[in-house]
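For reference, the structure is listed below as structure tokens.
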Amino acid sequence: MKRILLPLALVVAVSAQAQITNNTKAKVDPKNNKVSNPVVEKPKVKLMSRDELRACLDQQDANSKEAEAIKTDQAAYKANADKLKAEKGTLEAAEGVLAKQVADVKAERDGILKAHETLTAEAPKLDKAELKARNEAYQARAAAFGPMVDALKAADAEQGVKRKAFAEKVDALDAQFKAIEDRTEKHFDASDKWKAECQNKPYDENDEKAIRKEKAAAGK
């Protein structure tokens, strides 16, 4: 059984049939027994060979599998993007904490410098006991400032590691997006090629059944 897929071929077939029907009343010349309006038979539609059909079916199957693979990649990309978005929020919150810590250290440094300036200016007016007390308070405050700076440096270093790791993840996500984009473009090209070479082309249905049977036996 032949199956014609090309719509235009069907129109041609119907037109040919109509012409044959319309010519059933054609007059015959008694002398030469020829039809005055001879029927011109339409050329038979050329079917794809079995090898051509097999190539089209293989490409169709490959395109379908590639489309599903691209969907899987897109889902993975979205999951990574959502995860990175959440991580960005955490990173920004940590940056806010670090910024406050920096501001506190700067304010303490300015306070210590101001205290030293004030103590130096007022020292001549203070009695020995008060000068000693204020100087000890200043020295204790200055001594505590060192660990405060060290803690800030450690926090900044830790945050720097997180910043770098996050930046690398962003680069990886961008690369993942680019790979999907390139893969999708190639898939579109393959689909266009299939449409140009295979879509709506007439073929023998028995050839399709035979090829499908081959593919099933091969586990494809």
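The values are calculated or read from the model by the stated rules, or taken from the named source; none is laboratory data. This structure is a prediction, so every number in the text was calculated from the model and none was measured. Cβ placement follows ideal geometry from the backbone for every residue including glycine, while neighbour counts extend to all protein chains displayed. Just the protein is used for accessible areas: all its heavy atoms, side chains included, with ligands, DNA and RNA removed. Shrake-Rupley method; radii C 1.70, N 1.55, O 1.52, S 1.80 Å.
Just to be sure, is residue 153 more than 21 Å from residue 109 (Cβ to Cβ) and in a helix (DSSP H, G or I)?
no
Here is a yes/no grid of residues against (1) under 30 Å from residue 55 (Cβ atoms); (2) out of contact with any Cys (no Cβ under 7 Å at 6 or more places or on another chain); (3) without any contact (Cβ under 8 Å) to a residue 12 or more places away in the chain; (4) part of a helix (DSSP H, G or I):
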{"residue": "164", "(1), (2), (3), (4)": "no, yes, yes, yes"}
{"residue": "169", "(1), (2), (3), (4)": "no, yes, no, yes"}
{"residue": "178", "(1), (2), (3), (4)": "no, yes, yes, yes"}
{"residue": "183", "(1), (2), (3), (4)": "yes, yes, no, yes"}
{"residue": "187", "(1), (2), (3), (4)": "yes, yes, no, yes"}
{"residue": "210", "(1), (2), (3), (4)": "yes, yes, no, yes"}
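Residue check, residue 90 against (1) at pLDDT 95 or above; (2) open to solvent by less than 40 Å² (accessible area, probe 1.4 Å); (3) more than 22 Å from the chain's Cα centre (by Cα), all met but one. Which one?
Single failed check for residue 90: (2).
Checking the conditions here, which among 127, 73, 104, 61 is of a type in the set (Asp, Glu) and surrounded by fewer than 10 Cβ atoms within 10 Å (Cβ to Cβ)?
Matching residue, one of 127, 73, 104, 61: 127.
Suppose we filter 193, 213, 201, 186 for residues that are open to solvent by 80 Å² or more (accessible area, probe 1.4 Å) and more than 23 Å from the chain's Cα centre (by Cα); which single one remains?
Answer to the selection: 213.
Scan region 50-80 residue by residue and report those that are within 20 Å of the chain's Cα centre (by Cα) and small (Gly, Ala, Ser).
62, 64, 67, 69, 75, 76, 79
Of the conditions (1) surrounded by 12 or more Cβ atoms within 10 Å (Cβ to Cβ); (2) closer than 21 Å to residue 82 by Cβ, residue 175 clears all except one; give me its number.
Tallying (1) surrounded by 12 or more Cβ atoms within 10 Å (Cβ to Cβ); (2) closer than 21 Å to residue 82 by Cβ, residue 175 fails exactly one: (1).
Answer yes if at least one residue in region 162-172 is loosely packed, with under 11 Cβ neighbours inside 10 Å, at pLDDT 95 or above, within 30 Å of residue 79 (Cβ to Cβ) and of a type in the set (Lys, Arg), and no otherwise.
yes
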